[in-house]
Amino acid sequence: MPARKLIIDQDTLGPATSNLQSVAMLLNAPDVEVLGICVPTGDHWRDPQVRHALRLLEIMERTEVPVLPGALTPLVRTLTDHTLWEKQHGRLYYNGAWDFARPGRTVDPHATPDLPEGNPSTAHSSEHAANFIIRQARAHPGEISLWCAGPLTDVALALRLEPQLPQLLRELHFMGGSFHPMTESREFKHSPRREFNLRFDPEAARIVFHSPWRKITCSPIDISQDVRSTPEHFSTIASAGTPLAAYLDKFGQRGRPLWDEIAAASWIDPTVVTHAEDVFIDVNLDRGASYGDTLSWPIGFEPGHGEARARLEKQLDVARFSALFTTLLSH
């Protein structure tokens, strides 16, 4: 069988992290051809994330895969909008690139400090991520899966440029959304429908969720928030003795939720998900206290304004996932 063609759209915060560990899994997956890595602003500004992605590809000796800079900001929402919203409705737990109190965040979106894992010597592509997605979809109609694990800004831009994109692609598989997470995490305990990837650019999510995709799979917070990386995971990976293993042994974050890694695993091997159900999904654009929250309806109860029907992943075979996680990151 020919390799499955894949475009990754990911806010590649690094070093390591859930973001880049998921990218490494997809790069190492058997019978998968990664056509490119598109990088929007999300967990950090676009430009430093692009450099983390380039450095990972150097470590993995996969520099033939292009890195495409994407959206620098959300489509509509601005930092001023965000600041005013927090003054009225309360402080958000996490704001990604706009969390200036967190290490490494700065108001300058183009700041390029030295990377802890070493600076890349390779260059990113000069093509914009949205244009790349469209060009590849036209060149390989019906063959490409689009895998996303950050804000959906690049995808929304591509849809505005090419409305036929959903029919040109095979599927959309994304990490994002929060429905009814059974967790004690303070981020979701009081605001269970608020999830960063959708909340950072809700207008982009609305565009994506109102487009006629052939297939959408949603890997939400619900299935991943309480599945954590362990010291045993990383000791198993370190024993492989590869440059990637050494990188992860040094920079991999123990005890962190495996959000994006689970979304990667469920695309690579859908059998890691033991239960899923179809729902209609959307995002709230009202500029009140629930702005950016995930919306959902069971089949037959949706309002019928063009909301997307998606396969919602709900339960995980943790042992099967863990085996896939350590195997792929040991290559």
Specify the residue that is nearest to the chain's Cα centre (by Cα); the eligible residues are those in segment 1-34 that are of a type in the set (D, E, K, R) and farther than 18 Å from LEU168 by Cβ.
-> ASP11
Do you know which of the residues in segment 197-223 that are in a helix (DSSP H, G or I) and touching a helix residue (DSSP H, G or I) at 6+ places or on another chain (Cβ under 7 Å) is farthest from GLU86 (Cα to Cα)?
-> ILE223
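For (1) under 26 Å from LEU35 (Cβ atoms); (2) in contact with an Asp or Glu (Cβ under 8 Å, 6 or more places away or on another chain), each residue gets a yes or a no:
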{"site": "ASP154", "(1), (2)": "yes, yes"}
{"site": "LEU159", "(1), (2)": "yes, no"}
{"site": "PRO163", "(1), (2)": "yes, no"}
{"site": "GLU171", "(1), (2)": "yes, no"}
{"site": "PHE174", "(1), (2)": "yes, no"}
{"site": "SER178", "(1), (2)": "no, yes"}
{"site": "PRO181", "(1), (2)": "no, yes"}
{"site": "LYS189", "(1), (2)": "no, no"}
{"site": "ASP201", "(1), (2)": "yes, no"}
Working carefully through the options ASP293, ASP260, find the one that is surrounded by 18 or more Cβ atoms within 10 Å (Cβ to Cβ) and under 30 Å from PRO30 (Cβ atoms).
-> ASP260
Scanning for something over 16 Å from LEU324 (Cα atoms), in a loop (DSSP other than H, G, I, E, B) and either in contact with a Cys (Cβ under 9 Å, 6 or more places away or on another chain) or not polar (S, T, N, Q) (or both), does segment 224-246 turn up at least one residue?
-> yes
Every residue from segment 167-180 that is surrounded by 21 or more Cβ atoms within 10 Å (Cβ to Cβ) and either within 21 Å of THR294 (Cα to Cα) or modelled with pLDDT under 95 (or both) = LEU172, HIS173, PHE174, MET175, GLY176, GLY177, SER178
Can you name the residue in segment 91-114 that is within 20 Å of the chain's Cα centre (by Cα) and among the aliphatic types (A, V, I, L, M) and is also modelled with the highest pLDDT among such residues?
-> ALA97
Condition set surrounded by 18 or more Cβ atoms within 10 Å (Cβ to Cβ) and of a type in the set (A, V, I, L, M), scope segment 279-290, selection farthest from LEU198 (Cα to Cα): answer is VAL279
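The values are calculated or read from the model by the stated rules, or taken from the named source; none is laboratory data. This structure is a prediction, so every number in the text was calculated from the model and none was measured. Reconstructed Cβ throughout: ideal geometry from the backbone, glycine too, with neighbour counts over all protein chains shown.
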